[in-house]
Amino acid sequence: MKALLIGEVLRGKLAPSLYEMLGFASQAGLESVVLVCAPISTNPQFTGKLYQGDGGEYDPLSHKAMALEVIAKENPDLVVLMHSSYGWDLAPRLAMELGWGQISEAIAFDSGTFNQVLVGGKLRRSVKTVSGQAVVTLQSGAFSEAAPAGSPALESISALKGAIEWLGYVEKPAQDLDLTKAQKIVSAGRGIGKADNLGMIQELAQVLGAELGASRPVVDSGWVEHSHQVGSTGATVTPELYMACGISGAVQHLAGMKKSELIIAINKDKDAPIGEVAHYVVVADLLQFVPALTKALKA
Amino acid sequence: MKILVCIKQVADLESRFQVASGQTWFNETDLAFRLNEYDEFAVEAAVQLKEQTGGDLTVISVGPARASEALKKALAMGADQAVHVLEDQQLESFQTAQVIFEQIKAQGYDLIFTGMQSSDKGSGQVGLLLGEMLKINSVSCVVAFKYDGRIEVERELEGGLRAKLKLATPALVTCQLGLNQPRYPTLPNIMKAKKKPKSEVTSPAPASRLQVVALGPPPKAGAAELIEGDLLAQVSKVVAILKEHKLA
Amino acid sequence: MDFGLNEEQKLVQATVRQMAQEQVRPKAAATDKNHAIPPETLPQLAELGLWGSYIPEEDGGSGLDYLSYILSVEALSAACASTGVLLAAHASLGCDPIHRSGTKEQKAKWLAPLCKGEKIGCFLLTEPGAGSDVASLKTRYLEQDDHYELTGSKQFITNGGYLGTGVVFATSDPSLGHKGISAFILDLKSPGVTLLKNEEKMGIRGSFTSAFALDQVKIPKDQLLGAPHQGFAIAMETLDGGRISISAQALGIAQEALDLALNYSTERQQFGKPIGQFQAIRFKLADMAAALESARLMTYKAAWLKNQHQESAQVSAMAKLLASKAAQFCTDEALQIHGGYGYSAEYPLERLYRDAKITEIYEGTSEIQRIVIAKGLEKG
Ligand SMILES: Cc1cc2nc3c(=O)[nH]c(=O)nc-3n(C[C@H](O)[C@H](O)[C@H](O)COP(=O)(O)OP(=O)(O)OC[C@H]3O[C@@H](n4cnc5c(N)ncnc54)[C@H](O)[C@@H]3O)c2cc1C
Ligand SMILES: Cc1cc2nc3c(=O)[nH]c(=O)nc-3n(C[C@H](O)[C@H](O)[C@H](O)COP(=O)(O)OP(=O)(O)OC[C@H]3O[C@@H](n4cnc5c(N)ncnc54)[C@H](O)[C@@H]3O)c2cc1C
């Protein structure tokens with residue numbers, strides 16, 4: 001069985017997540033062919049074939065065409081992408097052209113079936129496609145990376161022009177805060193209920209000498225700046241201490257913090273999915289617990 | 001301008017989900033349902049566009065009878081008419097997209113909005129598949145939207161970065177959380193929604209391309225130790241853990 | 001029989017719940033503490049169209065059916081009982097009599113601004129010497145050439161402090177008893193109207209309960225509501241409806257208490273397990289749920305009847321009697337389930353407990369409800 005892994009390029013650099021895809025392929029015992037649709041500065045290290053496209057920034061039409069060309073040549077059984085802004089966008093387009101089923105955001109692979117998370121982590125299902133051929137997107141961090149080794153045989157392909165005009169990147173405004181450097185993070189989730197309660201989280205952070213982190217809803221509500229956001233569309237952090245206050249543990253949040261050394265969650269729902277990665281879950285109302293902890297730490 | 005917004009009614013994620021053995025979907029009795037959160041942003045974006053350009057806004061949903069409540073909400077938020085494709089089965093993304101495509105392919109919509117994903121399955125496929133079926137431009141995970149003859153959007157990438165893109169209509173846009181501030185339907189508009197046209201149709205779904213092998217609760221990782229009991233005991237336990245790790 | 005809510009009713013309920021949850025509940029504790037509903041709440045209610053409630057669109061209202069309005073009061077009251085009664089008194093006591101008894105001109109002039117929330121409505125019946133015995137009111141009116149002149153005092157007027165639009169009751173001759181009473185539309189900013197004070201209260205502290213002195217207040221002739229001496233009937237009909245809205249307030253408070261108790265009983269552990277596993281606690285929760293649900297059925301039935309224009313004083317009185325009892329019972333039991341934390345001002349229970357009590361007093365005490373119910377039992 002053969003898999004086409006489609007690597008991701010951001011500003012001329014190949015995303016390291018390619019090694020997660022290679023890790024998946026080797027776990028599943030698949031032969032890998034890699035496609036990268038835009039020029040990259042350094043080639044990845046693996047054994048197999050690397051198709052190098054000369055496309056520009058992501059354009060669905062152009063990248064889809066390159067992928068289809070490679071698929072026609074290689075006849076893979078699986079087309080694999082990361083479940084990222086690049087992958088989830090390109091995957092259905094390919095599935096549509098190929099007439100294959102698509103499995104989104106797989107977290108595990110086991111004897112021919114993929115596992116997926118449903119309803120915010122409360123259920124899990126295993127699925128496969130009826131035909132056996134599939135387009136699959138992998139959840140970031142779910143599969144262990146393959147070690148870089150070997151050098152691929154290169155073949156180039158050329159891109160056609162797409163229909164979408166690329167106007168450029170919009171940067172997040174420069175901020176002093178860099179959560180990725182923080183040793184300790186105390187994060188607030190939607191469970192804090194209202195902006196006013198942020199004060200108690202900040203106070204706890206201060207007592208611990210930690211930075212303030214947040215889940216996305218807290219940022220979307222305008223309670224804190226985006227620079228505080230942890231997760232797949234925020235910062236990926238690995239502090240010594242991560243305290244998650246009122247955060248349910250959606251996959252996108254977990255993606256940004258699950259490698260923290262010590263994770264303590266405060267949640268009134270003892271079954272909240274954050275428990276899958278946390279070392280401790282304090283089952284309590286954070287509005288009671290957080291001030292009490294702050295007080296105890298001050299004493 | 002002809003605008004379409006595709007919505008889904010989903011179970012409230014706060015619910016307790018139970019799966020009968022051998023089933024591939026959870027038991028829906030006694031669950032609360034709501035309009036998919038991502039779709040609220042799609043409806044709001046569609047209504048705002050209609051307010052800007054005038055025109056006609058249709059909302060469509062594929063789902064069982066209860067989905068009519070979600071359609072009513074979209075009508076109350078400002079859609080002009082609703083199409084309810086009655087479907088009692090849990091369809092996979094490809095099937096849903098195909099059913100919608102059959103309903104709308106001859107309608108010539110200029111702009112189509114969908115949510116980026118549904119909060120129950122999180123596949124993120126329906127919008128993009130529909131765009132491909134219609135052979136129109138589509139862009140996913142949009143967090144900023146402007147229309148001035150063409151559309152200008154910002155797509156959310158990773159790490160706080162966004163890509164700014166411009167594309168011609170007809171186009172399809174899948175909406176990410178935070179794109180706008182979805183309005184509450186006002187009470188008078190809820191009452192007026194009753195009088196807006198709403199059609200119910202059925203449409204055979206194509207065969208699924210996926211086969212669900214099993215569905216159930218996640219394996220208890222057993223990783224997390226639960227700290228329960230009374231507040232002060234919980235506090236001293238956490239203080240002790242922090243001290244033990246030399247973090248406090 | 002159909003006990004289900006229709007789609008519009010469900011959507012109204014969900015919408016008001018969401019708004020109340022996001023905008024009102026977070027401020028409930030402060031509302032109680034500061035004895036004031038935050039000023040930004042009023043435009044938020046306006047945005048949703050809540051002020052226009054069940055008044056038809058042609059009169060400037062939101063055109064809800066009556067049950068949808070009742071669901072709104074219930075949802076708001078669950079988040080904050082003071083905000084719940086702000087709406088209930090405005091709509092059921094301020095707007096309702098003008099809607100029912102007003103002329104076309106009066107509706108255009110007074111009802112439309114009320115429905116937009118430009119003015120807040122109130123109902124001025126009670127006096128220092130006339131509470132349950134409304135017919136003994138002493139505020140006098142004199143008929144002059146082109147106006148009436150009112151003198152007297154009013155007590156315990158919900159929403160009075162907003163100085164909006166009220167319906168005021170006065171007698172041309174106290175010796176006529178209830179037959180001497182007329183109703184008038186009153187602009188509370190009129191000369192001669194003095195706000196004496198806003199009461200300090202046990203509960204619903206965010207709600208204004210105001211005392212007024214009326215000193216030769218001139219009311220133009222076209223502000224007489226209904227016919228002369230029809231005031232008592234207008235007052236009684238208004239209260240029949242108002243009682244349903246107070247029932248809804250009581251349901252909201254009771255539901256909130258039950259929800260909090262249920263939640264707490266799963267979190268709180270004693271003797272090695274969540275207290276919710278003790279049968280004594282489970283029975284309390286069961287009794288609360290049963291009391292609440294039966295009061296709710298009665299309240300919704302009263303609302304349904306009113307929507308059919310088959311208002312029934314007895315049914316409304318039963319609803320209020322049961323719902324206020326359920327609120328009282330549920331807040332008491334919920335506080336008990338919370339133990340010492342329930343008694344602490346850090347938790348919302350003691351506030352709910354204080355808020356619940358008023359539902360047994362205003363718009364007719366529970367004793368008065370029983371009088372009304374018993375009267376309905378008499379035959380012939
Ligand atoms: C493409 C995409 C990218 C995303 N990127 C990110 C990202 O980068 N970061 C991110 O965080 N999310 C991201 N999300 C959103 C993510 O899916 C979730 O919606 C989000 O993480 C949920 O945030 P939360 O846990 O704070 O809120 P909720 O899921 O609402 O959880 C609140 C939790 O608080 C608990 N709680 C409530 N009240 C209390 C109390 N009084 N005491 C204790 N506990 C309480 C509840 O039990 C619940 O578990 C993304 C989503 C998408 C689709
Ligand atoms: C917070 C608040 C808000 C209010 N808002 C308004 C408002 O907006 N507009 C307005 O006009 N009024 C309002 N009121 C007045 C309220 O309706 C009266 O307080 C209520 O009707 C009771 O009248 P009272 O206080 O004079 O008690 P009383 O009538 O003096 O009653 C005292 C006790 O005697 C009992 N009793 C009286 N008569 C009988 C009888 N015949 N048989 C058996 N028992 C009897 C009563 O049930 C009660 O237990 C409000 C009151 C409060 C406290």
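The values are calculated or read from the model by the stated rules, or taken from the named source; none is laboratory data. On a predicted model such as this, the values are computed, not experimentally measured, just so you know. Cβ coordinates were reconstructed from backbone atoms using ideal geometry, including for glycine residues, and neighbour counts include every protein chain displayed. Side chains are part of the model used for accessible areas, which takes the heavy atoms of the whole protein and leaves out ligands, DNA and RNA. Shrake-Rupley method; radii C 1.70, N 1.55, O 1.52, S 1.80 Å.
Of the solvent-accessible surface of chain C, computed with a 1.4 Å probe and all protein chains present, 54% belongs to carbon and sulfur.
The Kirkwood radius of the protein assembly as shown, taken over pairs of alpha-carbon atoms, gives through the Stokes-Einstein law at 10 °C and 1.306 mPa s a diffusion coefficient of 52 µm² s⁻¹. Estimated at 0.36 nm per residue, the fully extended path between A:LYS295 and A:GLU165 surpasses their Cα-Cα distance by 41.3 nm.
Using a 1.4 angstrom probe on protein heavy atoms only, the contact between B and A buries about 6600 square angstrom of accessible area, both sides summed.
The distance separating the Cα centre of the stretch A:132-152 from that of the stretch A:65-83 comes to 14 Å.
Let's test the formula: R0 of 25 Å, r as the Cβ-Cβ distance of C:GLN336 and B:ASP12. What FRET efficiency results, to the nearest 0.05? The value I calculate is 0.25.
Per the Debye formula with a single identical scatterer at each Cα and no solvent contribution, what log10 I(q)/I(0) holds for the stretch C:122-231 at q = 0.14, 0.15, 0.17 Å⁻¹? For the stretch C:122-231 at q = 0.14, 0.15, 0.17 Å⁻¹, log10 I(q)/I(0) is -0.50, -0.57, -0.73. Counting every pair of alpha carbons in the stretch C:146-209, the share spaced more than 21 Å apart comes to 32 percent.
A convex hull fitted around the alpha carbon atoms of chain C yields 140 Å³ per residue.
Where Lys and Arg each count +1 and Asp and Glu each count -1, what net charge lies around A:GLY246 among other residues with Cβ under 9 Å from its Cβ? So the surrounding residues net to +2.
Sparse packing (at most 16 other Cβ atoms within 10 Å of the Cβ) combined with a DSSP loop state is found for the following GluC sites (Glu not before Pro) in the stretch A:132-183: A:GLU145, A:GLU171. Local charge for A:GLN102 was computed over the other residues whose Cβ lies under 13 Å away, with Lys and Arg +1 and Asp and Glu -1, and equals -1. If only the Cβ of Lys and Arg carry +1 and only the Cβ of Asp and Glu carry -1, the dipole of chain A around its Cα centre is close to 580 debye. For the stretch A:179-298, carbon and sulfur atoms together expose 47% of the accessible surface, with a 1.4 angstrom probe and every protein chain in place. Shielding by partners for peptide B:4-17, expressed as the average number of C-beta atoms from other protein chains within 10 Å of each residue's C-beta, is 2.
Per residue, the Cα convex hull of the stretch A:179-298 amounts to 83 Å³.
Counting only aspartates and glutamates at least 8 places from C:LYS119 when in the same chain, those with an alpha carbon closer than 13 Å to its own are C:ASP187. Compare the Cα positions of B:ALA45, B:SER140, C:LEU86 along the charge dipole of the protein assembly as shown (+1 at Cβ of Lys, Arg; -1 at Cβ of Asp, Glu; about the Cα centre) and return the one farthest towards the positive end. In the protein assembly as shown, that residue is C:LEU86.
Checking the cross-link filter: which aspartates and glutamates have an alpha carbon closer than 14 Å to that of A:LYS258, excluding same-chain neighbours under 8 positions apart? Within the straight-line limit of under 14 Å, A:LYS258 reaches these aspartates and glutamates: A:GLU240, A:GLU276. Modelled spin labels at C:GLU57 and B:THR202, positioned 7 Å past Cα toward Cβ, are 3.4 nm from each other. Around the Cα centre of chain B, unit charges on the Cβ atoms of Lys, Arg, Asp and Glu (plus for the first two, minus for the last two) sum to a dipole of about 520 debye. Computed from point charges on the beta carbon alone (+1 for Lys and Arg, -1 for Asp and Glu), the dipole magnitude for the stretch C:122-231 about its Cα centre is near 340 Debye.
In summary, the helical segments of chain C meeting the span-like criteria, namely a full DSSP H run, a Cα extent along the axis of 27 angstrom or more and a mean Kyte-Doolittle hydropathy of at least -0.5, are C:231-267, C:279-307, C:313-337.
Based on the convex hull around the alpha carbon atoms, chain B presents an average projected area of 18.1 nm².
Scale the Cα Rg of chain A by the rule-of-thumb value 2.2 N^0.38 Å and send over the ratio, two decimals. With N residues counted in chain A, Rg over 2.2 N^0.38 Å equals 1.11. Cross-linked pairs C:LYS33/C:LYS189; A:LYS194/B:LYS146; A:LYS270/B:LYS73; A:LYS49/B:LYS166; B:LYS8/B:LYS135; B:LYS194/C:LYS116: Cα-Cα separations exceed 26 Å for C:LYS33/C:LYS189; A:LYS194/B:LYS146; A:LYS270/B:LYS73; A:LYS49/B:LYS166. The Stokes-Einstein estimate for the stretch A:2-157, based on a Kirkwood radius over Cα pairs and taken at 10 °C with 1.306 mPa s viscosity, is a diffusion coefficient of 103 µm²/s. Under the criterion of Cα pairs below 8 Å and six or more residues apart, the relative contact order for the stretch C:122-231 equals 31 percent. Rolling a 1.4 Å probe over the heavy atoms of the protein chains gives the stretch C:7-120 an accessible area of 33 Å² per residue.
Percent of Cα-Cα pairs more than 26 Å apart in the stretch B:11-146, please. For the stretch B:11-146, the fraction of Cα-Cα distances above 26 Å is 22 percent. The mean sequence distance of close C-alpha pairs (under 8 Å, at least 6 residues apart), as a share of the length of chain B, puts its relative contact order at 24 percent. For the stretch A:230-241, putting each phi into the Karplus relation 6.51 cos²θ - 1.76 cosθ + 1.60 with θ = phi - 60° gives couplings of 10, x, 5, 10, x, 7, 9, 10, 9, x, 6, 10 Hz, in residue order, rounded to whole numbers and with x for Gly and Pro.
Within the accessible area of the stretch A:2-157, the carbon and sulfur atoms contribute 49%, probe 1.4 Å, all protein chains present.
Axis angle, to the nearest 10 degrees, between helix B:93-104 and the longest C-alpha principal axis of chain B: 20 degrees.
Note that the stretch C:235-379 shows a convex hull volume over its alpha carbon atoms of 105 Å³ per residue. For the stretch C:235-379, lysine pairs with C-alpha atoms less than 17 angstrom apart, excluding pairs fewer than eight positions apart on the same chain, total 6.
Loop-located GluC sites (Glu not before Pro) in the stretch A:178-254 (DSSP state other than H, G, I, E, B) with a sparse environment of at most 14 neighbouring Cβ atoms within 10 Å: A:GLU225. Here is how the number arises for chain C: DSSP H runs of 4 or more residues each give -39500 (n - 2.57), the sum is divided by the residue count, and the result at 222 nm is -15000 deg cm²/dmol.
Quick one: net charge around C:LEU87, please, counting Lys, Arg +1 and Asp, Glu -1 for every other residue with C-beta under 13 Å from its C-beta. Here the count lands on -2. When both the stretch A:270-296 and the stretch C:225-253 are represented by their alpha-carbon centers, they are found 48 Å apart. Between the C-alpha center of the stretch B:61-112 and that of the stretch C:62-102 there is a gap of 35 Å. At q = 0.13, 0.25, 0.31, 0.32 Å⁻¹, what log₁₀ I(q)/I(0) does the stretch A:1-47 have when each alpha carbon counts as one equal point scatterer in the Debye sum? Those come out to -0.27, -0.88, -1.21, -1.26, one per q.
Based on the alpha-carbon gyration tensor of the stretch C:62-149 and its eigenvalue square roots a ≥ b ≥ c, which shape applies: rounded if a/c is under 1.5, prolate if not and a/b is larger than b/c, or oblate? Oblate. Solvent exposure of chain A, expressed per residue, is 38 Å² of accessible area, with all protein chains present and a 1.4 angstrom probe. Counting only other chain Cβ atoms within 10 Å of each residue's Cβ, the peptide A:96-104 averages 5. In chain B, a dipole from Cβ-located charges (positive for Lys and Arg, negative for Asp and Glu) runs towards its positive end, and of B:LEU167, B:ILE190, B:LEU130 it is B:LEU167 whose Cα lies farthest in that direction.
Farthest toward the positive end of the dipole of chain A, out of A:VAL127, A:LEU297, A:GLY55, is the Cα of A:LEU297, where the dipole comes from beta carbon charges about the Cα centre. 3J(HN,Hα) along the stretch C:180-185: x, 8, 10, 10, 9, 8 Hz, from the Karplus curve 6.51 cos²θ - 1.76 cosθ + 1.60 with θ = phi - 60°, whole Hz, x for Gly and Pro.
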